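Engineer: Submitted below is the structure of interest, expressed as structure tokens.
Quick note: the coordinates plus some simple rules give every number you see, no bench work behind them. Bear in mind the structure is a predicted one, so any value in this text is a computation, not a measurement. Ideal geometry is used to build each Cβ from the backbone, glycine not excepted, and the neighbour counts take in all protein chains shown.
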Amino acid sequence: MSASDPTLFVVGATHHTAPLEWRERLALTPEKMPEFQSRLAALPGLQEFAVLNTCNRLEIYGVADEESTLDTLRTALCEHQDIEVDAFRSLEMRELDAKAIYHLTSVSAGLESQLIGENEIFGQVKDAYAEAQDVRSVGPVLHKVFQKAFQAAKHVRTHTAIAEGQVSVANVAVDLATTIFGSLADARVLLAGAGEIGEQAAKAFRSRGANDLTVTSRTMEKAMSLAASLDARALPFEKLGRRLADFDIIVCATAAPGSILSGPALATAMARRPAAPLFLIDLALPRDIDPAAGDLDNVYLYNLDDLARISEENRAARVAEIEKARDMITEKSTYLWESLKRRPGNES
């Protein structure tokens, strides 16, 4: 395409480029998302966009008049999240045209996830696309790119074994819990957060024999609903701090903007149970648990990056399938890009 043609792109940062501390700073809370979308909609030269915001990535897919528009977009993101532009440059992931299509398809298929082949990301990408449709920020190019990426991702998952032996973050956490406690039958488990990730974690613990399960959430109705579906108890969120010592395993997966469990609060809880280990699993971003808690005696704290490193051994058995999947995606993304270039008037 000529230099005057619009640019298809993805810009952002992922777990491949940004450590957990930076992903926390980049994460868009539900309250911040509408303001950010409005800011992008007002950017000169940005024709279409969709924002993918998960615990492992913040990615903006779009169509721009020219590549220089991406620098303006980067500045807008950094200003919105109060991040230094120069610092973000060192973390930035940027792909254009066919490579942007390849990246979206790889993400949708689970090839770019911390846990290769995981299923949750496909739904997250579909949600990001649906949200962009709701705010009318996608046009003919992104509509076609996302739809074709979804088709290709489904094809890859159907015709390869990239998810064979795959474990979710929740299952990795349960496996870790069994190494610490052995049988989970007598372990007292608290789940903080009643969203999708929290529900998956609760079901994973229940399936592995955890009988004593309690659910808490900042929204009591959600806690009661999830607790009822799991035959568990519901705990009012305001009582969480006073009850920490009552649990052996605490799984946190809320959408809170900051920590809900402080180091001092956990130190106080451990003083009441000095001989009993406490297993803390932080599945949230921003993190729910003060990292300083990991320094406490008899406390075992794991976050998303910790769990991903533990699960990396599962990847070795699927190397051949991963390469097969990448070959498929390369072929399909190249074909789609060529078809976009052939559109009447080169609208891509």
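Engineer: Return the percentage of antiparallel bridges among DSSP beta bridges fully within the chain, rounded to the nearest 5 %.
Structural biologist: In the chain, approximately 50 percent of DSSP beta bridges are antiparallel ones.
Engineer: Could you list Asp295, Asp290, Asp82, Asp175 in order of exposure, starting from the residue whose Cβ has the fewest other Cβ atoms within 10 Å?
Structural biologist: Neighbour counts put them in this order, fewest first: Asp82, Asp295, Asp175, Asp290.
Engineer: What value, in deg cm²/dmol to 500, does the helix sum -39500 (n - 2.57) over DSSP H runs of n ≥ 4 give at 222 nm once divided by the residues of the chain?
Structural biologist: Mean residue ellipticity at 222 nm (helix-derived): -14500 deg cm²/dmol.
Engineer: So, one more: Among Ser113, Ser137, Ser225, whose mean-square fluctuation peaks in a Gaussian network model of the chain (Cα, cutoff 10 Å)?
Structural biologist: Ser225
Engineer: Which one is right for this structure if percent of Cα pairs over 28 Å apart is calculated from it: (1) 52; (2) 36; (3) 47?
Structural biologist: The value matching this structure is (3).
Engineer: For Ser262 and Glu196 in the same chain, what is the full-extension length gain: residue separation times 0.36 nm, less their Cα-Cα distance, in nm?
Structural biologist: Answer, rounded to one decimal: 21.4 nm.
Engineer: Among Asn171, Asn56, Asn211, which one moves the most in a GNM of the chain with springs linking Cα atoms closer than 10 Å?
Structural biologist: Of the options given, Asn211 has the highest mean-square fluctuation.
Engineer: Arrange the following residues from fewest to most other Cβ atoms within 10 Å of their Cβ: Tyr300, Tyr129, Tyr335, Tyr61.
Structural biologist: By the 10 Å Cβ count, ascending, the order reads Tyr335, Tyr300, Tyr129, Tyr61.
Engineer: Also, quick follow-up: Note down the magnitude of the dipole of the chain about its Cα centre, charges +1 on Lys and Arg C-beta and -1 on Asp and Glu C-beta and zero elsewhere, to the nearest 20 debye.
Structural biologist: 800 debye
Engineer: Then there's this: In which sequence would Cys78, Cys252 go, from the one with the fewest C-beta neighbours within 10 Å to the one with the most?
Structural biologist: Ordered by Cβ neighbours within 10 Å, fewest first: Cys78, Cys252.
Engineer: Which net charge results for the neighbourhood of Asp82, defined as the other residues with beta-carbon distances under 12 angstrom from its beta-carbon, given Lys and Arg at +1 and Asp and Glu at -1?
Structural biologist: Taking every Cβ under 12 Å from that of Asp82, the sum is 0.
Engineer: Hey, in the GNM for the chain with a 10 angstrom Cα cutoff, which one of Ser183, Ser333, Ser106 fluctuates hardest?
Structural biologist: With Cα springs under 10 Å in the chain, the top fluctuation among Ser183, Ser333, Ser106 is at Ser183.
Engineer: While we're on this one: Excluding Ala228 itself, calculate the net charge of residues whose Cβ lies under 14 Å from the Cβ of Ala228, where each Lys or Arg counts +1 and each Asp or Glu counts -1.
Structural biologist: +1
Engineer: While we're here: How much length would be gained if the chain were fully extended between Asp127 and Glu331, taking 0.36 nm per residue of separation minus their Cα-Cα distance, in nm to one decimal?
Structural biologist: So the chain would gain 70.9 nm between Asp127 and Glu331.
Engineer: Could you work out the local net charge near Ile281, counting Lys and Arg as +1, Asp and Glu as -1, over the other residues with Cβ closer than 10 Å to its Cβ?
Structural biologist: -3
Engineer: How high is the FRET efficiency between Glu238 and Leu43 when r is their beta carbon distance and R₀ equals 35 Å, given to the nearest 0.05?
Structural biologist: The computed FRET efficiency comes out at 0.25.
Engineer: Let me check against my output: what whole-number percent is the relative contact order of the chain, with C-alpha pairs under 8 Å and at least 6 apart?
Structural biologist: Result for the chain is 18 percent.
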